[in-house]
Amino acid sequence: MSKIHVTTTINGDPVEYLCDAEETLLDVLRDHLGLTGSKEGCGTGDCGACSVTVDGRLVCSCLMLGAEAAGREIGTIEGMAKGDQLHPLQRKFIEQAALQCGICTPGILVAAKSLLDHNPDPSEEETRYWLAGNLCRCTGYDKIIRAVLDAAKDMREAS
Amino acid sequence: MQYLSPSTIDDAIRLLSSQTGDCKVLAGGTDLLVRMRSGFAEPDSILDIKRIDELRRISRDADGWRIGAAVSGAEMGEHADLVADWPGVVEAVNLIGSTQIQGRATMAGNLCNASPAADSVPAMIAAGAVARIAGPDGLRDIPVADVPTGPGKTCLAPGEFVTSIWLPSRPERSGDAYLRFIPRTEMDIAVVGCAVALTLDAGGTCTAARVSLGAVAPTAILVDAAADTLIGTTVDDAALDALARTCSDAAKPIADKRGTVEFRVHVAGVLAKRATIIAKTRAGGAT
């Protein structure tokens, strides 16, 4: 079976790749493009560790085929920091130790950034609901939620 | 496996009819890709309908709303006019999965996946929704209630797929609501679901109602007898008690790890009452 040729944009850069029809976007990111920040936790859309944005919309990259990405704008965790400059969410996660093993962290950061892009001033409840599809087995979530709310506050004050 | 992504409904019909092996239609993919990964589906080809522009639209005409089969739950939730007309339907769709799932999952996909516990299906049935189905013989419209025929089974013939869901314009003094019971606060599958859509007259008497239950039978069911307990009343406590009894009687659930038969029968009545109170309030009725 011949491979599918896909032209897309990832983190603002034009990207081309060849993939099999059954390969997910997550497979493509990790195995073909070396973008291993997105993690495979469950592979069934339950854990959120593979979260990316597609045309600005938060999705699980394990529930999307690589072939579907043609012509879309994909955003991954690798596009979050600007060079050495960490995103305020990333800085806050480090400062407040909002991670332990780190497997869920890229997905949570992508999802949290998507929340703040939609709503710069979310309540704690809105934040918890928005991130309900991102599972963390270590932290108990509290530090994550605090870090997101504090980063949101910093970003509002800086703007 | 082959990946097909037609840009018109006609091309999709032609491609679907010309497939010799198992061809699965891909909308949001939040059920299909999970089934493929677990080995429950091994299609020879996938037909992605998201490149068909008209299936990505929510449009309004004189009679109602047409929601394309590739419209995501998130897009429905962001459509203020649709939410204003059918808050119960949109809430039911938005209950499906996480933020990430909402970015992909579609109402038409929820219907065609044909889970008895699908959240949007009772809400669509209560709203009087109609599915438009495309196939080799052209288009046909059938009530959403008639699409699922059993767990995982629909009335769609080979080569057919749903292109859109139609909802009528909301009549004056009408409201709808959907509630489900889950043991958690988020991210779970309905143990029981109940949707109610009703219309009041100027004096607050119910003139029309549709009540639908999910997860208590092989498919979501329309309970005509439950609607009859509301019509002609002011939806007072006596009517609500009769409604609850009727819904419990209509519930024919199985017992599984999510709930026992007794629990589901009871909860069907409780949810029917609560959903009706919300729908009545939305219709402008006195509380």
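The values are calculated or read from the model by the stated rules, or taken from the named source; none is laboratory data. All figures in this text were calculated on a predicted structure; none of them were measured in a lab. Every residue, glycine among them, receives a Cβ derived from its backbone with ideal geometry; neighbour counts consider all protein chains shown.
What number of residues within the range B:235-252 are outside any helix (DSSP H, G or I) and buried (at least 17 other Cβ atoms within 10 Å of the Cβ)?
Looking only at that region, the number is 2.
Filter the range A:117-137 down to the residues that are over 17 Å from the mean Cα position of the chain (by Cα) and surrounded by 15 or more Cβ atoms within 10 Å (Cβ to Cβ) and list them by number.
From the range A:117-137, those over 17 Å from the mean Cα position of the chain (by Cα) are A:120-126, A:137; that's our starting set.
Once the filter is applied, which keeps residues that are over 17 Å from the mean Cα position of the chain (by Cα) and surrounded by 15 or more Cβ atoms within 10 Å (Cβ to Cβ), the range A:117-137 yields only A:Pro122.
Considering only residues that are surrounded by 15 or more Cβ atoms within 10 Å (Cβ to Cβ), farther than 22 Å from B:Gly29 by Cα and free of Cβ contacts under 8 Å to residues at least 40 places away in the same chain, which ones fall in the range A:34-49? I'd like the intermediate steps shown before the answer.
First pass over the range A:34-49, keeping only residues surrounded by 15 or more Cβ atoms within 10 Å (Cβ to Cβ): A:35, A:37-49.
Adding the requirement that they be farther than 22 Å from B:Gly29 by Cα leaves A:35, A:37.
Within the range A:34-49, none qualify.
Do any residues in the range B:36-49 that are within 10 Å of another protein chain (Cβ to nearest Cβ) and farther than 16 Å from A:Ala67 by Cα have Cβ atoms under 8 Å from those of residues that are of a type in the set (A, V, I, L, M) and surrounded by 17 or more Cβ atoms within 10 Å (Cβ to Cβ), where the two are at least six apart or on different chains, and which pairs are they?
B:Glu42/B:Met36
Tell me yes or no: at least one residue of the range B:5-27 is closer than 30 Å to B:Ala275 by Cα, away from chain A (no Cβ under 11 Å) and free of Cβ contacts under 8 Å to residues at least 24 places away in the same chain.
no
For the range B:59-72, does any single residue satisfy the condition of being under 19 Å from A:Ser61 (Cβ atoms) and at pLDDT 95 or above? Outline the logic, then answer.
If we filter the range B:59-72 for residues that are under 19 Å from A:Ser61 (Cβ atoms), which is where we start, we get B:70, B:72.
From what's left, at pLDDT 95 or above: B:70, B:72.
Within the range B:59-72, one or more residues are under 19 Å from A:Ser61 (Cβ atoms) and at pLDDT 95 or above.
Does B:Ile125 satisfy the criteria of being assigned to a strand (DSSP E or B), over 30 Å from A:Ala111 (Cβ atoms) and not assigned by TED's automatic domain parsing to the domain that holds B:Ala215?
Working: assigned to a strand (DSSP E or B): no; over 30 Å from A:Ala111 (Cβ atoms): yes; not assigned by TED's automatic domain parsing to the domain that holds B:Ala215: yes.
It is false that B:Ile125 is assigned to a strand (DSSP E or B), over 30 Å from A:Ala111 (Cβ atoms) and not assigned by TED's automatic domain parsing to the domain that holds B:Ala215.
Collect the residues in the range B:75-100 that are in contact (Cβ under 8 Å) with a residue 24 or more places away in the chain and either within 16 Å of A:His118 (Cβ to Cβ) or not assigned by TED's automatic domain parsing to the domain that holds B:Leu26 (or both), keeping them in residue-number order.
B:Met76, B:Gly77, B:Ser98, B:Thr99 - these are the residues of the range B:75-100 that are in contact (Cβ under 8 Å) with a residue 24 or more places away in the chain and either within 16 Å of A:His118 (Cβ to Cβ) or not assigned by TED's automatic domain parsing to the domain that holds B:Leu26 (or both).
A:Lys143 versus (1) in a helix (DSSP H, G or I); (2) crowded, with 21+ Cβ neighbours inside 10 Å: which is the lone unmet condition?
It fails just one condition, (2).
Among A:Ile103, A:Ile108, A:Ile74, which is surrounded by fewer than 23 Cβ atoms within 10 Å (Cβ to Cβ) and in contact (Cβ under 8 Å) with a residue 60 or more places away in the chain?
Details: A:Ile108 fails: surrounded by fewer than 23 Cβ atoms within 10 Å (Cβ to Cβ); A:Ile74 fails: surrounded by fewer than 23 Cβ atoms within 10 Å (Cβ to Cβ).
Step by step, each of A:Ile103, A:Ile108, A:Ile74 is checked, and only A:Ile103 is surrounded by fewer than 23 Cβ atoms within 10 Å (Cβ to Cβ) and in contact (Cβ under 8 Å) with a residue 60 or more places away in the chain.
What number of residues in the range A:1-16 are over 19 Å from the mean Cα position of the chain (by Cα) and either at the interface with chain B (Cβ under 9 Å from one of its Cβ atoms) or touching a residue at least 24 places away in the same chain (Cβ under 8 Å) (or both)?
4
Out of A:Cys19, A:Cys60, report the one residue that is buried (at least 20 other Cβ atoms within 10 Å of the Cβ), touching a Cys at 6+ places or on another chain (Cβ under 8 Å) and within 14 Å of chain B (Cβ to nearest Cβ).
Working: A:Cys19 fails: touching a Cys at 6+ places or on another chain (Cβ under 8 Å).
The conditions single out A:Cys60.
Exactly one of (1) away from chain B (no Cβ under 12 Å); (2) farther than 30 Å from A:Thr8 by Cβ is unmet by A:Glu125. Its number?
The number of the failed condition is (1).
Please give the strands (runs of 3 or more DSSP E) falling wholly within the range B:171-218 in which 1 or more residues are modelled with pLDDT of 95 or more, out of contact with any Cys (no Cβ under 7 Å at 6 or more places or on another chain) and among the aromatic types (Phe, Trp, Tyr).
Ranges flagged: B:174-181.
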